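Read through the structure below, which is laid out as structure tokens, and then see the notes.
The values are calculated or read from the model by the stated rules, or taken from the named source; none is laboratory data. Remember, it's a predicted structure, so these values are computed and weren't measured experimentally. All Cβ positions, glycine included, derive from the backbone under ideal geometry; neighbour counts span all protein chains shown.
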Amino acid sequence: MSRIVCFAVGLTVALATWAGSAAAQQWQEYKPAGAGYRVEMPGKPAVTEREQQTPAGTVKFSFARLAQGQRGLLASHAVYQAGALPADPEQALDNARDGATKGGKLSSEKRLKVDGAPARRIVLENSGQVVNLLVVMKGNTLYQLLYHQPQGGEPTPDMERFLSSFALVKG
């Protein structure tokens with residue numbers, strides 16, 4: 001009898017683990033209307049939009065968040081008023097990096113292009129988390145992908161898939 005109970009418990013645990021990992025693999029495209037980008041996320045994100053007054057004028061923000069236990073993903077874009085950002089996109093990316101690293105420690109930074117637009121891949125440590133960022137500047141829009149996980153954890157395939165799935169698109 002105890003073998004049957006152990007087998008049933010083992011099977012239940014195995015099925016629950018399999019179902020959880022299968023659900024985690026149900027990636028879907030997130031492509032907000034009119035935002036000019038797409039990204040893949042391992043589930044449906046919660047989306048928040050708002051306008052905020054900043055020293056650069058009124059900025060329209062959009063955030064798509066998805067939590068996965070102690071890990072989290074965020075895709076965002078901010079649309080600035082014309083002329084509010086530095087004319088040099090590299091300076092705008094420097095400013096974004098500096099803002100992101102306040103209170104944290106910059107671990108690495110790589111300059112790159114994403115679909116021809118200037119971008120940065122940034123890794124920083126903050127409040128016990130490792131934060132991997134992709135920041136892209138196109139026109140008056142700043143795009144950011146953020147993946148965070150506890151310090152000491154190995155980078156996950158989900159992190160790389162999420163960050164490398166970003167693409168600029170029309171409309």
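If a residue counts only when it is within 21 Å of VAL59 (Cα to Cα) and among the β-branched types (Val, Ile, Thr), which strands (runs of 3 or more DSSP E) contained entirely in the stretch 96-166 have at least 2 such residues?
On the way: elements: 105-114, 117-126, 129-138, 141-150.
Hits in the stretch 96-166: 129-138.
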Inset, instruction - Output the number of residues of the stretch 60-92 satisfying the condition of being surrounded by fewer than 18 Cβ atoms within 10 Å (Cβ to Cβ) and farther than 25 Å from SER164 by Cα. - result: 6
Inset, instruction - Mind listing just one residue for me: the one in the stretch 153-171 that is among the charged types (D, E, K, R) and exposed (fewer than 13 other Cβ atoms within 10 Å of the Cβ) and, of those, farthest from ALA92 (Cα to Cα)? - result: GLU154
Inset, instruction - Working carefully through the options GLY116, GLY103, GLY99, GLY72, find the one that is touching a strand residue (DSSP E or B) at 6+ places or on another chain (Cβ under 9 Å), of a type outside the set (S, T, N, Q) and over 20 Å from VAL39 (Cα atoms). - result: GLY103
Inset, instruction - Check off (1) within 19 Å of VAL169 (Cα to Cα); (2) modelled with pLDDT of 95 or more; (3) not charged (D, E, K, R) for LEU73 and give me the number that stays unchecked. - result: (1)
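Return the residues of the stretch 66-95 that are assigned to a strand (DSSP E or B), in contact (Cβ under 8 Å) with a residue 24 or more places away in the chain and either under 22 Å from PRO150 (Cβ atoms) or over 18 Å from the mean Cα position of the chain (by Cα) (or both); say none if nothing qualifies.
Taking the stretch 66-95 first, the residues assigned to a strand (DSSP E or B) are 66-68, 71-79.
Filter once more, so that each one left must be in contact (Cβ under 8 Å) with a residue 24 or more places away in the chain: 66, 68, 71-79.
Hits for the stretch 66-95 are LEU66, GLN68, ARG71, GLY72, LEU73, LEU74, ALA75, SER76.
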Legend entry - Subset of the stretch 96-120 [under 18 Å from PRO155 (Cβ atoms), in contact (Cβ under 8 Å) with a residue 24 or more places away in the chain and among the basic types (Lys, Arg)]: ARG120
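Considering only the stretch 44-57, state which residues are among the charged types (D, E, K, R) and not in a loop (DSSP other than H, G, I, E, B).
Taking the stretch 44-57 and keeping what is among the charged types (D, E, K, R), we get 44, 49-51.
Result: GLU49, ARG50, GLU51.
For residues that are among the hydroxyl-bearing types (Ser, Thr, Tyr) and touching a residue at least 40 places away in the same chain (Cβ under 8 Å), scanning just the stretch 121-152, find the one that is surrounded by the fewest Cβ atoms within 10 Å (Cβ to Cβ).
Filtering the stretch 121-152 for residues among the hydroxyl-bearing types (Ser, Thr, Tyr) gives 127, 141, 143, 147.
Right, trim to touching a residue at least 40 places away in the same chain (Cβ under 8 Å) and you get 141, 143, 147.
On the way: THR141: 18, TYR143: 22, TYR147: 25.
Applying the filter and picking the extreme gives THR141.
What do you reckon, is LYS60 assigned to a strand (DSSP E or B), touching a strand residue (DSSP E or B) at 6+ places or on another chain (Cβ under 7 Å) and closer than 26 Å to ALA33 by Cβ?
Values: assigned to a strand (DSSP E or B): yes; touching a strand residue (DSSP E or B) at 6+ places or on another chain (Cβ under 7 Å): yes; closer than 26 Å to ALA33 by Cβ: yes.
Answer is yes for this residue.
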